[in-house]
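No lab work stands behind these numbers, since they all come straight from the coordinates. Predicted model, so just to flag it, every value in this text is computed and none were measured. Please note: Cβ atoms are built from the backbone with ideal geometry, for glycine as well, and neighbour counts cover all protein chains shown.
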Amino acid sequence: MPELPEVETVRRGLEPAMEGERFVKVDVRRGDLRWPLPKDFAQRLKGKTVTGLGRRAKYLLADLSSGDVLVMHLGMSGSFHVFHEKGKHLGRYYHDRSKHVAHDHVVFHMSSGASVTFNDPRRFGSMKLVARDKLDAEPLLKGLGPEPLGNEFDAAMLARACHGKKTSLKAALLDQRVVAGLGNIYVCEALYCGRLSPKRQASTIAGRNGESNERAERLVEAIKAVLQAAIKAGGSSLRDHRQTDGDLGMFQHDFQVYDREGEPCRTPGCKGIVKRIVQNGRSTFYCPICQK
DNA sequence: CCGACCGCCTGCCTGC
DNA sequence: TGCAGGCAGGCGGTCG
């Protein structure tokens, strides 16, 4: 599931259970995530307080009283669940510390009384402890492009990042060095919203000498609008992904093109049919008529 | 340097 | 019903 809107939704869900709270106990049930958790992972968390919970692109960043930052990524299938009360949760999760379901790999028992479970079937997710004063040098974060919802992300910046790029606009927007936090779904949605073809060469969104960056402007506005709407809807829920409280995100109902192959284009007056193509080994959905 | 491709790992859906 | 094959929201590494 997790692209920027889902990670932001997770961050907001975890905040009340974790911010200002201490790790009372940390259970590592399976440490071989994307990279193996260090042996002393649980020990380095125990007794420390979460002083803040932030997000950079698709990474969650928990600031700890020890001076470390816990950097977490959900990969393709990772999710967090918060359990406040004893008993069943969605018929399969329990607050009881001895009971777990498949793929519950890490459990944080917080001083708030809540337990926070990291579940990840495919184990593409990751956790890493990094000293805060070395965060700038952290390879996972170092090459990331601008935050798409930040004020500094504008048409000029996007045009510059795409300058000279021979690759498709779709591939460029998926490149986290160009803009950080978009994934396959929101790239498709943003391109539709900005009426730009995913097949267009990335460099062509910039206006040539003197021309305005009209396409880049439109694309930046589309990216921001789609992400903001998705966050507002609590992210999207595909397969069995849910928010930290078990609720479903709602934005999947608002997809205009993603996974809508063969459906009529939703642009008023457009007679196009949503098409699926494969770019760089991944599905792209778009309207061949109104996305130019 | 850039861009295309592979692999990681599991679950689910489709078609035979 | 069973099984093989394809596909999935990400990203780091390698190769040309």
- Note on the structure: Inter-part gap, Cα centre of segment A:103-132 to Cα centre of segment A:188-222, in whole angstrom, is 38
- Which loop trypsin sites (Lys or Arg not before Pro) in segment A:6-88, with loop taken from DSSP, have no more than 11 other Cβ atoms within 10 angstrom of their Cβ? A:Lys39, A:Lys86
- Would you calculate the separation in nanometres between label points at A:Ile289 and A:Arg218, each defined as 7 Å from the Cα along the Cα-to-beta-carbon direction? 1.6
- Using a cut-off of 28 Å between alpha-carbon atoms, which lysines can reach A:Lys271, once sequence neighbours fewer than 8 places away in the same chain are excluded? A:Lys170, A:Lys199, A:Lys224, A:Lys292
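Per-residue ellipticity at 222 nm for chain A, helices alone: DSSP H runs ≥ 4 residues times -39500 (n - 2.57), over residue total, nearest 500 deg cm²/dmol?
Working: 7 runs with 67 residues, N = 292.
Estimated from H runs of four or more residues: -6500 deg cm²/dmol.
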- Return the FRET efficiency for the residue pair A:Glu211, A:Glu152: r is the Cβ-Cβ distance, R0 is 25 Å, and the value is rounded to the nearest 0.05. 0.65
- Under the 7 Å Cα-to-Cβ spin-label approximation, A:Asp27 and A:Leu248 lie apart by a distance in nanometres of 2.9
- Message: Restricting to Cα atoms and excluding each atom paired with itself, what does the Kirkwood estimate give for chain A in Å?
- Response: 20.2
- Message: Can you give me the angle between helix A:4-18 and the longest principal axis of chain A, using Cα atoms only, in degrees from 0 to 90, rounded to the nearest 10?
- Response: 20
- Message: Per residue of segment A:60-66, what does 6.51 cos²θ - 1.76 cosθ + 1.60 with θ = phi - 60° give for ³J(HN,Hα)? Whole Hz please, x for Gly and Pro, Karplus curve as stated.
- Response: 8, 10, 9, 7, 10, 5, 6
- Once you've got the GNM for chain A with C-alpha springs shorter than 10 Å, pick whichever of A:Asp40, A:Asp120, A:Asp136 has the biggest mean-square fluctuation. A:Asp40
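At a Förster radius of 22 Å, what calculated FRET efficiency corresponds to the Cβ-Cβ distance of A:Gln43 and A:Ser111, to the nearest 0.05?
Numbers: r = 17 Å, r/R0 = 0.77.
Efficiency for this residue pair is about 0.85.
What fraction of the Cα pairs in segment A:185-292, stated in percent, has a spacing above 22 angstrom?
Details: 2144 of 5778 pairs.
Taking all Cα-Cα pairs of segment A:185-292, the fraction more than 22 Å apart is 37 percent.
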- So A:Lys134 and A:Ile277, fully extended at 0.36 nm per residue minus their Cα-Cα distance, gain in nm 47.3 nm
- Note on the structure: Of A:Val178, A:Val278, A:Val69, the most mobile residue in a GNM of chain A (C-alpha springs, cutoff 10 Å) is A:Val278
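If I take all pairs of Cα atoms in segment A:161-209, what percentage of them are more than 14 Å from each other?
Details: 541 of 1176 pairs.
That tail contains 46 percent of the Cα-Cα pairs.
With all distinct Cα pairs included, what does the Kirkwood hydrodynamic radius of segment A:3-72 come out to in Å, to one decimal, could you say?
Values: mean 1/r = 0.0784 Å⁻¹.
Hydrodynamic radius (Kirkwood, Cα pairs) of segment A:3-72 is 12.7 Å.
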- Query: So how far apart, in nm, are the two label points at A:Arg34 and A:Ser65 if each is 7 Å from Cα heading toward Cβ?
  - Reply: 3.0
- Note on the structure: Computed from the beta carbon distance with a Förster radius of 45 Å, FRET efficiency for A:Lys142 and A:Gln228 to the nearest 0.05 stands at 0.95
- Message: Of the candidates A:Leu53, A:Leu158, A:Leu238, which one comes out as most mobile in a Gaussian network treatment of chain A with C-alpha springs shorter than 10 Å?
- Response: A:Leu238
- On a 0 to 90 degree scale, rounded to 10, what angle separates helix A:184-193 from the longest Cα axis of chain A? 40
- Query: Can you list, largest first and rounded to whole Å, the semi-axes you get for segment A:105-235 by taking the square root of 5 times each eigenvalue of its Cα gyration tensor?
  - Reply: 33, 17, 14
- Item | Taking chain A and dividing mean pair separation by its residue count, relative contact order in percent (alpha carbons under 8 Å, at least six apart) | 18
